[in-house]
Amino acid sequence: MDVRRLIYLSAKPSAEIRQFFEQCDWQVKSVRSVKEVAKAVDGFDAAGGLLDLAAGLPLHEIEALDACLAMPNIGWVAIVSPGQLADSTMRRLVRDYCSDYVTVPVVPERAVRAVGHARGMATLAGAPQQAPVHAVTEGDMIGSCESMQALFRSIKRVASTDAPVFIAGESGTGKELTAAAIHQRSSRRDAPFVAINCGAISRELVQSELFGHERGAFTGATQRRIGRVEAANGGTLFLDEIGDLPLESQASLLRFLQERKIERLGGQESIDVDVRIISATHVDLDAAIADGRFRHDLYHRLCVLRIVEPPLRERGADIELLAFHLLGHFRRDAGRRLQGFAPDAMDAMRRHTWPGNVRELGNRIRRAVVMAEGRLITAKDLELDHLVDQMPVSLNVARETAERMAIERALLRHRGRYGEAARDLGISRVTLYRLMDAYRMREPDSAEPKPDKRHDDHDDHSEPD
Ligand SMILES: Nc1ncnc2c1ncn2[C@@H]1O[C@H](COP(=O)(O)OP(=O)(O)OP(=O)(O)O)[C@@H](O)[C@H]1O
């Protein structure tokens with residue numbers, strides 16, 4: 001038999017409410033703090049939740065409530081005292097996370113009905129979508145396509161040597177993550193990993209940034225400063241955008257690579273430095289060499305081992321994998337119950353050419369998490385809807401997508417009240433249930449509708465279970 005579980009979050013739990021739920025075959029778990037809620041739910045089994053705002057919660061608990069209430073597998077109903085919803089925080093919590101509320105003194109029958117319904121809605125929402133492929137990780141990188149597997153193998157191979165590595169790849173493909181992963185796998189992992197973006201430092205400062213300076217070396221040099229090369233001593237120095245390094249600094253870097261010694265600007269002393277060099281660029285270095293903007297001899301020193309980062313558009317299903325990974329990351333900040341991506345978003349992501357690669361994907365998802373109105377991120381939320389219009393879509397698919405979306409929106413609008421949602425949609429409750437079953441929008445064994453018993457005009461704002 002389906003076990004109906006209730007998470008009862010209250011600073012002063014009522015024995016009467018608890019007993020009533022138990023008599024109605026609910027398994028009641030009473031918790032007093034937000035922290036205990038997460039422990040009380042296991043896996044993604046849906047549960048009903050009774051959130052007692054009327055009994056009061058300490059301020060720090062109220063602050064922690066968002067994350068707790070955003071858990072997709074609990075359908076919450078709030079208990080509020082009269083007038084409490086005049087408070088904007090309380091109103092927001094109830095509006096954004098609860099499918100209903102009951103006012104004190106609580107009529108237990110009504111609370112049971114409302115929670116039954118809220119739990120039903122949580123069942124409908126189900127577990128968040130999961131990426132269809134399993135992630136393989138290397139450091140902070142994830143990927144599973146053949147080109148990423150090849151990249152991970154290369155990382156392992158080059159990590160076991162101390163030779164300079166050159167990473168080529170478009171902007172945002174993960175060159176810095178690759179460099180960090182090589183460092184982490186190398187024998188230098190306990191020493192520093194120092195990254196420097198050669199393109200982001202002004203021409204005048206590059207020398208001192210790389211090699212440091214002594215006090216008084218130039219106007220404004222009021223103190224001795226250790227350069228990035230010296231700071232990486234014993235570890236790995238990652239020179240990003242090496243193609244942007246001015247010719248003068250290229251000469252100094254070449255000298256350092258030959259002698260493994262540096263001199264701080266304005267200093268007399270030669271200092272031994274032991275670093276492993278990893279460099280990267282997204283510009284065409286062959287062209288820069290041909291134009292005389294990059295030293296041929298330096299390139300050969302840097303590029304002993306070469307790794308090529310695959311662009312995102314060539315990673316196949318990894319786009320989805322990364323999209324879910326990044327959504328998981330940003331969803332935590334959103335405090336909303338985003339479930340995943342709508343089919344049109346998936347299609348658009350597969351069609352887009354991703355000039356900004358993984359960084360662009362992350363930026364689009366971060367924005368979509370804030371902008372999305374429904375529980376699924378759409379192509380429009382990703383600002384990729386222009387790609388959807390170009391897609392050939394059969395009428396059946398178009399109809400199903402439109403119907404699903406309309407049903408979801410109507411249910412959200414009416415906090416899951418089927419009768420009102422059906423009325424909005426201009427269909428009977430029975431048709432609504434049939435469509436939801438056909439589109440697998442609810443558990444197959446959910447109770448069948450009993451249109452004659454259900455009444456839509458109840459003055460109660462809860463729904464019969
Ligand atoms: N395989 C991956 N898995 C997870 N996140 C990734 C992956 N590749 C890149 N990212 C993320 O994408 C963003 C860009 O990555 P990174 O800075 O390493 O790219 P880059 O190639 O060095 O970019 P640029 O050329 O602009 O310096 C970062 O936020 C990074 O965490």
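Based on Cα contacts under 8 Å between residues 6+ apart, segment 318-438 shows a relative contact order of 21 percent. Using the Karplus relation 6.51 cos²θ - 1.76 cosθ + 1.60 with θ = phi - 60°, the per-residue 3J(HN,Hα) values for segment 297-309 come to 5, 5, 4, 5, 5, 7, 9, 7, 10, 10, 10, 10, 8 Hz, with x marking Gly and Pro. What the Cβ-Cβ distance of Ser33 and Arg91 gives, at R0 = 30 Å and to the nearest 0.05, is a FRET efficiency of 0.85. A Förster radius of 45 Å combined with the Cβ-Cβ distance from Met405 to Glu61 puts the calculated FRET efficiency at roughly 0.80. Using the Cβ-Cβ distance between Met371 and Asp45 with R0 set to 22 Å, the FRET efficiency works out to roughly 0.10. Counting lysine pairs in the chain that sit 8 or more residues apart in sequence, or on different chains, and whose Cα atoms lie under 20 Å apart gives 5. Extension gain, Asp424 to Arg350: 0.36 nm times the residue separation minus the Cα-Cα distance gives 23.2 nm. Full extension of the chain between Leu395 and Ala221 yields a length gain of 55.6 nm, computed as 0.36 nm times the residue separation minus the alpha carbon distance. Residue ranges 22-34, 155-167 sort as 155-167, 22-34 when ordered by packing (mean number of other C-beta atoms within 10 Å per residue, highest first). With bins 5 Å wide beginning at 0, the percent of Cα pairs of segment 210-333 falling in each bin runs 2, 9, 15, 16, 14, 13, 10, 8, 7, 4, 1, 0. Full extension of the segment from Lys156 to Arg434, taken as 0.36 nm per residue of separation minus the current Cα-Cα distance, would add 94.7 nm. Around the amide H of Val31, modelled in the peptide plane, lie the amide H atoms of Tyr8, Leu9, Ser10, all under 5 Å away and 5 or more residues distant in sequence or on another chain.
Read-outs: derived from the displayed coordinates by stated rules, not from any lab. These numbers come from a predicted model, not from an experiment. Glycine gets a Cβ as well: all are built from the backbone with ideal geometry, and neighbour counts include every protein chain shown.
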